[in-house]
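The values are calculated or read from the model by the stated rules, or taken from the named source; none is laboratory data. As the structure is a prediction and not an experimental result, all values here were calculated from the model. When we count neighbours, we look across all protein chains shown, and the Cβ atoms used for this are built from the backbone with ideal geometry, even at glycine.
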Amino acid sequence: MRDLHLPGRSTVHAVNGICATSQPLAAEAAIAILRAGGNAVDAAIAASAVLCVVEPYNTGIGGDCFALLSKGGSGDIIGLNGSGRAPRALSLEKLRAAGVEDISINSVHAVTVPGAVDAWARLLEDHGTMELGRVFEPAIALAEDGFAVAPRIAVEWQFLKGHLAHDADATAQYIFGGEAPAAGDKVRLPVLAKTLRLIGEKGRDAFYEGALAQDMVAKLNALGGFHTLEDFAATASDYVTPIRTAYRGREICEIPPNGQGITALIMLNILARCDVGELEPHGAARFHYEMEAARLAYDMRDRYVADPTMRDVPVEGMLSDKLADTLAARIDPDRRLDDLADIRDPLNRDTVYLTVVDKDRNAVSFINSLFFGFGSGILAPQSGVMFQNRGCGFVMKEDHPNGVEGGKRPLHTIIPGMMVENGRAVMPFGVMGGAYQAVGHTHLVSNVLDYGLDIQEALDSPRAFPGGGALEVERGLSTETREGLILRGHEIRDAFLPHGGGQAIVIDHERGTLIGGSDARKDGAAVGY
């Protein structure tokens, strides 16, 4: 429990249900759905749709999603991969012929076909109780009537103004009078509201076929994209078997590749062989072990993680005891390893993560994203769809497992997590922040299981990330910790923004209660009833 003499957030306790998100309006919408008789799946999609409106730089219907679902608290976790694919006509040869040597964040070739709407519809049909139109109602109302911009959202909207400037359609719908909105400004998104209403009335096909799809493909083709109406119509999410590893008597579940969840599991496997629980939780030694484990795990990620339907990904070997033993033995407690490549994606990215648990203990761990802020910055004018830029996750090499190929899913940074104990789901959780997320999962799990922090304390704990050759550290790391890391050979750099955010819900099966937490790095909240 936190020190009540000091500023901070308390955990949120409830009996019937909790939703934790990065924006209070989304959490409130989810609780309203639960109170109206919906289940956790209904509430999660309602919250995600709201976030597409009120946090539009981080997520949108032009993006992707992943979900983990426990039905009735079961440890038999259902996984859904709702990530989109590159257009089938795309190829490395065509990109090179067009003079493209690197897929930039605002390139039309970074736009993969959005997978989120298909995944939402499939989850609702298979596991929800409400129709899309019903769960979209809160989002539509906010987009039509307007919402007040929250402080963290205003900071990033302003920062991303230049990213939108290259696309007149994006500027027209998300920049007002030449300026990004300030905190407290009221914003309406009428075009997005109209699109959400149409999808709610006519279902998934209204997005992937017909006028909306024609608008999206026309915009992408006008910029030289290889996208077709057939690419959109063929979009389909996939149920997948979550991958797992044991840590301190629990199982941690992640979506398998093409997501980077396996990176967090490799990190945990390494740290399971180190007595990090004996170290000061915010001290240099703990962060040194965590950062070295991250560098080793991300090296494996960047070598092997790809779309497993198109390339062999050695998941079993990557999660083996043999590899964990080998990697853990490489860590020098007193010195940074100097023979590892830098993490391939050091830039700040972000997303939205949310989690919902209902009265029947259905638990959803849910993440939805555009990748970079406002994705590619390319917007289809008639539908108001902002396109993601997940194609930046591809590698421009012919022989790389994650190389560019038509119809292929790129390496994905967004990862929902679920903790299982004694055959029951006990904690859906997630940490935002692009490439940081695997470190964030590991840091959160270690904070809970190695140091006994409650989930709010575990989320609030200061963070670091080994990006771009240096440790990007938050201001919460003490001078003593920074100096200890420097002595071990780490270069230290202040993080421009806090590393992501995060949410978690603990399911206390014995007492019949729920405990929620939401990261103070964002504007969000955990709300229960």
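Here the stretch 1-56 is the region considered, the condition is being under 18 Å from the mean Cα position of the chain (by Cα) and part of a strand (DSSP E or B), and the residue that is farthest from ILE153 (Cα to Cα) is CYS19. Of all the listed residues (GLU93, GLU28, GLU101, GLU55), the sole one being of a type in the set (Asp, Glu), outside the structural domain of GLN388 (by TED's automatic domain parsing) and farther than 30 Å from TYR451 by Cβ is GLU28.
Got a number for residues in the stretch 494-515 being more than 30 Å from ASN362 (Cα to Cα) and in contact (Cβ under 8 Å) with a residue 24 or more places away in the chain? Within the stretch 494-515, residues that are more than 30 Å from ASN362 (Cα to Cα) and in contact (Cβ under 8 Å) with a residue 24 or more places away in the chain number 4. Considered as a group, the residues in the stretch 233-265 that are in contact with a strand residue (DSSP E or B) (Cβ under 6 Å, 6 or more places away or on another chain) and of a type in the set (D, E, K, R) include one that is farthest from ARG409 (Cα to Cα), and that residue is ARG250. Considering only residues in the stretch 203-218 that are of a type in the set (D, E, K, R) and part of a helix (DSSP H, G or I), the one that is farthest from THR235 (Cα to Cα) turns out to be ASP215.
Elements of the type strands (runs of 3 or more DSSP E) sitting completely within the stretch 441-525 and holding at least 2 residues that are crowded, with 22+ Cβ neighbours inside 10 Å, outside the structural domain of GLU156 (by TED's automatic domain parsing) and not hydrophobic (A, V, I, L, M, F, W, C): these cover 464-467, 502-508, 513-518.
Determine whether VAL113 is assigned to a helix (DSSP H, G or I), in contact with a Pro (Cβ under 8 Å, 6 or more places away or on another chain) and aliphatic (A, V, I, L, M).
For VAL113, the condition - assigned to a helix (DSSP H, G or I), in contact with a Pro (Cβ under 8 Å, 6 or more places away or on another chain) and aliphatic (A, V, I, L, M) - is not met.
Residue by residue through the stretch 240-280, note down the ones that are buried (at least 24 other Cβ atoms within 10 Å of the Cβ), in a helix (DSSP H, G or I) and among the β-branched types (Val, Ile, Thr). The answer is ILE262, THR263, ILE266, ILE270.
May I ask you to say which residue of GLN214, GLN260 is more than 14 Å from HIS441 (Cα to Cα), of a type in the set (S, T, N, Q) and touching a residue at least 12 places away in the same chain (Cβ under 8 Å)? When all the criteria are applied, what remains is GLN214.
The residue pairs whose first member lies in the stretch 99-125 and is in contact (Cβ under 8 Å) with a residue 40 or more places away in the chain, whose second member is of a type in the set (Asp, Glu) and outside any loop (DSSP other than H, G, I, E, B), and whose beta carbons are closer than 6 Å, counting only pairs six or more residues apart or on different chains, are VAL113/ASP231; GLY115/ASP64; ALA116/ASP64. Evaluated against (1) over 28 Å from VAL100 (Cβ atoms); (2) surrounded by fewer than 19 Cβ atoms within 10 Å (Cβ to Cβ); (3) small (Gly, Ala, Ser), SER237 falls short on exactly one condition, (2). Exactly one residue out of ALA306, ALA284 is closer than 23 Å to HIS443 by Cβ and either within 21 Å of the chain's Cα centre (by Cα) or assigned by TED's automatic domain parsing to the domain that holds GLY440 (or both): that is ALA284. Give the residue, chosen from ALA236, ALA143, ALA183, that is in contact with a helix residue (DSSP H, G or I) (Cβ under 8 Å, 6 or more places away or on another chain), in contact (Cβ under 8 Å) with a residue 60 or more places away in the chain and part of a loop (DSSP other than H, G, I, E, B). Result: ALA236 is the single residue among ALA236, ALA143, ALA183 that is in contact with a helix residue (DSSP H, G or I) (Cβ under 8 Å, 6 or more places away or on another chain), in contact (Cβ under 8 Å) with a residue 60 or more places away in the chain and part of a loop (DSSP other than H, G, I, E, B). Being within 22 Å of VAL117 (Cβ to Cβ) and either basic (Lys, Arg) or touching a His at 6+ places or on another chain (Cβ under 7 Å) (or both) holds for only one residue in GLY384, GLY377, GLY430, and it is GLY377.
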